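Participant: Can you read through this structure? Questions will come right after.
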Amino acid sequence: MPIERQLRGKRFFITGATGFLGTALVERILRCIPEAEITVLIRPGRRADASARLAREVIKNDCFDRLRHELGDGFSDEVAGRVRAVAGDVGQDGLGLDKEGRDALAGAGVVIHSAATVSFDAPLTQAVEINLLGPSRLAAAMAECGSKAHLIAVSTAYVASTHQGEAKEELLSENPFTLDVRWQDEVAFSRRLRDDLQTESRLSDNLKEFTKKARGEVGAAGDHLIASRAEKLREEWVSDELVKAGTARALSLGWPDAYPFTKALGEKALIEQWEGKVPITFVRPSIIESALSEPRAGWIRGFRMAEPIIISYARGLLAEFPGVPEGIIDVIPVDLVVAAILAVAARGPESGKPKVYHVASGVRNPLRYGRLVEKATGFFQRNPLYDDRGQPISVPEWSFPGRGRVQRQLRRADALMTFAERLITALPVRGRQAQLAARIEDRHAMAKRALGYVELYGAYTETDARYRVDHLLELWDACNEEDHKSFRFDPGVIDWDRYVLEIHLPSVLEHTRVRTKPGRSVVEKRSDRQRKAILSPERHMAVFDLEHTLMASNVVDTYAWLASRHLPPARRARFVADLVRQGPALLALDRRDRGDFLSSFYRRFEDAPIERLREDSWELFNRQLLTRSFPDGFARVRAHRAAGHRTLLITGALDFIIEPIRPLFDDIMCAEMGQHDGRLTGQLTALPPIGEARALLLADYAEEHALSLEESVAYADSTSDLAMLEAVGFPVAVNPESRLSAIARRRGWHVEHWAKAEGGSHRPLPLGPFDVKAPKAVMGR
């Protein structure tokens, strides 16, 4: 009987529907199995329940475009009538099912478990909880609700490890190359290790190191942001250690990484606990890649194993990659895996011990590594990618070196880039000069990415394992001609040259943001799109920092100008020399705590006559600040006002210094100093609006004026303003210093490079007239 007729009207319960294979399964059942009903188990998100995730992450995917076209206006009704989501999580005991979920599981005829942590570098505990314990949890839930369904557990061919020779379609207990490991011990170890690492990460020395590193990354962003980043670094350290532990344990037992290791133990746990109680079949695909033909040739969801390597090679970033030319890359298109699963579902469970099906190409229709590289090289020589200047990128000639040699080369590059990053970050550079740091960071990321690819995937390009498909071909032979047309799963049908050159590589380029045509891109630049969004009438407010954002000046410059305004030449020289000597200490204090620096430095204004300072501040603006201002910056302020946005200046500068530019803004928040008998006290009346305080002031201001921060723009140059930039929906880094330049690049923030106007005076200090009777406080004592 054809597969379609055997499965007509069946009720399917599917886990992992939001993944690559799961999405393809749901689509194929909807399109090819009439009247079948599907329940998908989906873990609710923070902002979306299971049904919302089904609609957004599964049904909305372009996998359903063919069915959407075939059904037209009836598509939504068809989906609503045949597919539903229930909340649950295979990572917790009992799956967290409610009554609706339990009823759906009890009423299912076929249960397909495709949920997994498929990352080869997942933390050990995550892989254990999902890959190892997930299948048994599902079987336990089935037994608890009285389900008699056929459980099809999707595993991986690599559970048979990567030993030399052919691996049969047999249970792991029958495989002589599989070590007898107690899965219960591995579960206990992973959980104990997680708890131990959590404890170790909180030890005093480690916390100090995380805080030190966080301060180095975000600078004087404020205690809260430093603490937040330090906590993130602590969590990343725990995760990284769990990844290392998973890889080390897997390698010690003959598996290349934690993914096949935990999948293998998941099979073992399922058999030991539920064989004879729940009908079980294992389907073990090899490396699943883009579709051969269903729902369309080249359909893929997300990047799989091969895509990052292919794109890095096409960009000229991977000069070498380990592998044996005669070795086999065991790849299988996703639609063949889906068809095999449905054929297994139609056949039903075997009596006796669970049956195993490999869905792999290595024995039936091998793709040699050398052949794949040859085809990819020819493809990208004929269809090169282009760099930012519109020039074609030449792909390297691979020499198939050993994995160890490539790893050593990349580790040396990683160490060199780490040193260069630290060096450039320590330098007081900003704007376009800081782009050097961003370029170094990009190169470093490329080197680390390449090293990651080699460490993760090198074992799969060097493997000599062959996965037999005898059971799969028996199933294929038992299908009729109609099934051979509608549900192709024989790996022998793949024409590798056509698949690689006409289907897979074009699909990879289609789903990757790479330049495939020469010359200047006709697509609007990202920076232009961002600038349009920033100046859209929909924005509510534009907030500006002052120093190095709107003008190339700082509090030390302005103080030096004002304090030496009325000094005779000799005293001015001594004053300047003294200030220069204090420079390193002032810079260190500023980097450590901007608030302490301003409060301390502004005490130098004690006893200064306020009226004289007000007059001198206008002279300061005309003779120095105006020539150091950025015309594009002030033009941007006017553009925001013209667009109807409220404009706000937030600065640590004193009020009398920024008085000349007050008319440009709707409001100004700045530092103010106490006065007594016409002279300044040297004490600020309130803490200056700097660092994290700016974000709080901004939130209060937005609430007071009924403005949305999500619809607001903020301009700043330094990580000391990171909290303010993070508070708005449209952050802009202006002439950023190296740390902020790196952060903006990583987060995709808009960056502006505004320059001073050409011409004008560039003298840092005033020239006469001199007044020897000027108050000693203003003369910089």
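Participant: Going residue by residue through the range 702-710, is there one that turns out to be within 22 Å of Arg641 (Cβ to Cβ) and touching a strand residue (DSSP E or B) at 6+ places or on another chain (Cβ under 6 Å)? Don't jump to the end; show me each part of the working.
Facilitator: In the first step, residues of the range 702-710 are kept if they are within 22 Å of Arg641 (Cβ to Cβ); the result is 702-710.
Narrowing further to those that are touching a strand residue (DSSP E or B) at 6+ places or on another chain (Cβ under 6 Å): 707.
Yes, there is a match, as at least one residue in the range 702-710 is within 22 Å of Arg641 (Cβ to Cβ) and touching a strand residue (DSSP E or B) at 6+ places or on another chain (Cβ under 6 Å).
Participant: Quick check on Glu236: is it within 29 Å of Leu203 (Cα to Cα), free of Cβ contacts under 8 Å to residues at least 12 places away in the same chain and open to solvent by 20 Å² or more (accessible area, probe 1.4 Å)? Even if it seems obvious, please write down each step before you answer.
Facilitator: Working: within 29 Å of Leu203 (Cα to Cα): yes; free of Cβ contacts under 8 Å to residues at least 12 places away in the same chain: yes; open to solvent by 20 Å² or more (accessible area, probe 1.4 Å): yes.
Against the criterion (within 29 Å of Leu203 (Cα to Cα), free of Cβ contacts under 8 Å to residues at least 12 places away in the same chain and open to solvent by 20 Å² or more (accessible area, probe 1.4 Å)), Glu236 qualifies.
Participant: Look through Ala706, Ala723, Ala702 and report the one residue that is farther than 22 Å from Asp223 by Cα and in contact with a Leu (Cβ under 7 Å, 6 or more places away or on another chain).
Facilitator: Ala702
Participant: Still on this model: List the number of the failed condition for Ser720; all other conditions in (1) buried (at least 24 other Cβ atoms within 10 Å of the Cβ); (2) touching an Asp or Glu at 6+ places or on another chain (Cβ under 7 Å) hold.
Facilitator: (2)
Participant: What about Lys208, is it within 30 Å of Pro688 (Cβ to Cβ), without any contact (Cβ under 8 Å) to a residue 40 or more places away in the chain and surrounded by fewer than 13 Cβ atoms within 10 Å (Cβ to Cβ)? Show your work before the answer.
Facilitator: Working: within 30 Å of Pro688 (Cβ to Cβ): yes; without any contact (Cβ under 8 Å) to a residue 40 or more places away in the chain: yes; surrounded by fewer than 13 Cβ atoms within 10 Å (Cβ to Cβ): yes.
The answer is yes for Lys208.
Participant: Yes or no: the range 609-617 includes at least one residue that is in contact (Cβ under 8 Å) with a residue 24 or more places away in the chain and closer than 25 Å to Asp717 by Cα.
Facilitator: yes
Participant: Is it fair to say Asp483 is modelled with pLDDT of 85 or more and either touching a Lys or Arg at 6+ places or on another chain (Cβ under 7 Å) or open to solvent by 60 Å² or more (accessible area, probe 1.4 Å) (or both)?
Facilitator: Spelling it out, it is not the case that Asp483 is modelled with pLDDT of 85 or more and either touching a Lys or Arg at 6+ places or on another chain (Cβ under 7 Å) or open to solvent by 60 Å² or more (accessible area, probe 1.4 Å) (or both).
Residues checked against (1) in a strand (DSSP E or B); (2) within 19 Å of Arg468 (Cβ to Cβ); (3) modelled with pLDDT under 90; (4) among the aromatic types (Phe, Trp, Tyr):
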site	(1), (2), (3), (4)
Phe303	no, no, yes, yes
Ile309	no, no, yes, no
Leu318	no, no, yes, no
Ile332	yes, yes, no, no
Val344	no, yes, no, no
His358	yes, yes, no, no
Gly390	no, no, yes, no
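Participant: May I pose another question? Any residue at all in the range 155-163 that's outside any loop (DSSP other than H, G, I, E, B), farther than 16 Å from Leu265 by Cα and at pLDDT 90 or above?
Facilitator: no
Participant: Can you tell which of Glu174, Glu169, Glu241, Glu200 is out of contact with any strand residue (DSSP E or B) (no Cβ under 6 Å at 6 or more places or on another chain) and in contact (Cβ under 8 Å) with a residue 40 or more places away in the chain?
Facilitator: Exactly one of Glu174, Glu169, Glu241, Glu200 is out of contact with any strand residue (DSSP E or B) (no Cβ under 6 Å at 6 or more places or on another chain) and in contact (Cβ under 8 Å) with a residue 40 or more places away in the chain, namely Glu241.
Participant: Listed residues Pro491, Pro506; which is at pLDDT 85 or above, under 30 Å from Asp121 (Cβ atoms) and buried (at least 20 other Cβ atoms within 10 Å of the Cβ)?
Facilitator: Pro491
Participant: Within the range 60-103, can you find the residues that are of a type in the set (Val, Ile, Thr) and in a helix (DSSP H, G or I)?
Facilitator: Val79
Participant: Could you figure out which of (1) at pLDDT 90 or above; (2) not in a strand (DSSP E or B) isn't true of Leu740?
Facilitator: (1)
Participant: Right, next: What tally of residues in the range 461-497 results from selecting those that are in contact with a His (Cβ under 9 Å, 6 or more places away or on another chain), closer than 13 Å to Ala340 by Cα and aliphatic (A, V, I, L, M)?
Facilitator: The number of residues fulfilling the criteria is 2.
Participant: Separate question: Looking at the structure I just gave you, is Leu67 touching a Pro at 6+ places or on another chain (Cβ under 9 Å), farther than 24 Å from Cys145 by Cα, open to solvent by less than 40 Å² (accessible area, probe 1.4 Å) and among the aliphatic types (A, V, I, L, M)?
Facilitator: Yes.
Participant: Let me ask something else about it. Considering every residue within the range 173-180, establish whether at least one is surrounded by 19 or more Cβ atoms within 10 Å (Cβ to Cβ), of a type outside the set (Val, Ile, Thr) and modelled with pLDDT under 95.
Facilitator: There is no residue in the range 173-180 that is surrounded by 19 or more Cβ atoms within 10 Å (Cβ to Cβ), of a type outside the set (Val, Ile, Thr) and modelled with pLDDT under 95.
Participant: Also, quick follow-up: What's the number of the condition Ala106 fails, among (1) within 28 Å of Ala140 (Cα to Cα); (2) assigned to a helix (DSSP H, G or I); (3) within 35 Å of the chain's Cα centre (by Cα)?
Facilitator: (3)
Participant: Working carefully through the options Arg539, Arg531, Arg574, find the one that is modelled with pLDDT of 80 or more, touching a helix residue (DSSP H, G or I) at 6+ places or on another chain (Cβ under 9 Å), charged (D, E, K, R) and open to solvent by 10 Å² or more (accessible area, probe 1.4 Å).
Facilitator: Of Arg539, Arg531, Arg574, the one residue that is modelled with pLDDT of 80 or more, touching a helix residue (DSSP H, G or I) at 6+ places or on another chain (Cβ under 9 Å), charged (D, E, K, R) and open to solvent by 10 Å² or more (accessible area, probe 1.4 Å) is Arg539.
Participant: Can you list the helices (runs of 4 or more DSSP H) lying wholly within the range 593-712 that have 1 or more residues being more than 37 Å from the chain's Cα centre (by Cα), exposed (fewer than 14 other Cβ atoms within 10 Å of the Cβ) and at pLDDT below 90?
Facilitator: Once the helices (runs of 4 or more DSSP H) in the range 593-712 are filtered for at least 1 residues that are more than 37 Å from the chain's Cα centre (by Cα), exposed (fewer than 14 other Cβ atoms within 10 Å of the Cβ) and at pLDDT below 90, what remains is 594-601, 610-620.
Participant: Here's a follow-up. Search the range 109-118 for residues being assigned to a loop (DSSP other than H, G, I, E, B) and hydrophobic (A, V, I, L, M, F, W, C), and hand back the single one that is most open to solvent (accessible area, probe 1.4 Å).
Facilitator: If we take residues in the range 109-118 being assigned to a loop (DSSP other than H, G, I, E, B) and hydrophobic (A, V, I, L, M, F, W, C), then Val118 is most open to solvent (accessible area, probe 1.4 Å).
Participant: Going by the conditions given, is Asp477 open to solvent by 40 Å² or more (accessible area, probe 1.4 Å) and of a type in the set (Asp, Glu)?
Facilitator: It is true that Asp477 is open to solvent by 40 Å² or more (accessible area, probe 1.4 Å) and of a type in the set (Asp, Glu).
Participant: Looking only at the range 240-295, filter to residues that are more than 30 Å from His150 (Cα to Cα) and of a type in the set (S, T, N, Q); which one of those is surrounded by the most Cβ atoms within 10 Å (Cβ to Cβ)?
Facilitator: Thr247
The values are calculated or read from the model by the stated rules, or taken from the named source; none is laboratory data. This structure is a prediction, so every number in the text was calculated from the model and none was measured. Cβ: placed from backbone, ideal geometry, glycine included. Neighbour counts: every protein chain shown. Calculation scope for accessible area: heavy atoms of the full protein, side chains included, ligands and nucleic acids excluded. Shrake-Rupley method; radii C 1.70, N 1.55, O 1.52, S 1.80 Å.
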